[in-house]
């Protein structure tokens, strides 16, 4: 009988989550409201989160990048830096104080590329000026020191090969690509 790689990954993922709960590295209430969607080449989670929850999601993203996509530690470190920056920005800037801070985070393998997609429904993220702000940050030179903010976007542009940001409609979507596979 041929083993099903998706079922094997699903079982390893479940064991990982239980281990995280048992070690106190994952909050049960947070995990119970977090939705997970995956296939052989795709992993997504949806959740309502606060910035204090970033470390719970981070452990899961690290595990998926290492175990699911078999990426080298150096690549994982870079992608985690991007993960933390984009999720922190969404939770800090896209939502007003009273809004539930929903987001969807996806990792997708597409031939040679790893695609990271983050979707939110925050009203503040629908500002058309954000597209211009994204475009104004160069990949080659870091922002001037007198420029407030933008260093995280600069780091994201340095690490990723391509970034697209589409605010508006019911959801704001950022899609980033990085060549990770031979």
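Read-outs: derived from the displayed coordinates by stated rules, not from any lab. Just so you know, these numbers come straight off a predicted model, no measurement behind them. As a convention, Cβ positions derive from the backbone with ideal geometry for all residues, glycine included, and neighbour counts pool all protein chains shown.
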Dimensions of region 1-95 along principal axes (Cα, Å, largest first)?
-> 50, 30, 23
How high is the FRET efficiency from residue 173 to residue 15, r the C-beta distance, R0 30 Å, rounded to 0.05?
-> 0.40
List the relative contact order of region 1-64 as a percent without decimals, with contacts defined as Cα pairs under 8 Å and 6+ residues apart.
-> 25 percent
Quick one: length gained pulling residue 58 to residue 37 fully straight, 0.36 nm per residue minus the C-alpha distance?
-> 5.9 nm
Helix-only [θ] at 222 nm, the chain, -39500 (n - 2.57) per DSSP H run of 4+, per residue, nearest 500, equals -11500 deg cm²/dmol
Expressed in nanometres to one decimal, the distance between label points 7 Å along Cα→Cβ at residue 51 and residue 182 is 4.2 nm
Gain on full stretching of the segment that runs from residue 166 to residue 113 - 0.36 nm per residue minus C-alpha separation = 17.1 nm
Nearest 0.05, what FRET efficiency do residue 135 and residue 74 give at R0 = 22 Å with Cβ-Cβ as r?
-> 0.20
Quick one: Cα centre-to-centre distance for region 1-59 and region 116-137, in angstrom?
-> 27 Å
Using only Cα atoms, what is the ratio of the radius of gyration of region 5-179 to 2.2 N^0.38 Å?
-> 1.04
Would you please calculate the Kirkwood hydrodynamic radius of region 32-87 over all C-alpha pairs and express it in Å, rounded to one decimal?
-> 11.9 Å
What FRET efficiency comes out for the pair residue 124/residue 66, r = Cβ-Cβ distance, R0 = 35 Å, nearest 0.05?
-> 0.55
Which angle between 0 and 90 degrees, to the nearest 10, do you get for helix 5-22 versus the longest principal axis of the chain when only C-alpha atoms count?
-> 80 degrees
Separation between the residue 97 and residue 28 pseudo-spin-labels, each 7 Å from Cα along Cα→Cβ, expressed in nm?
-> 3.3 nm
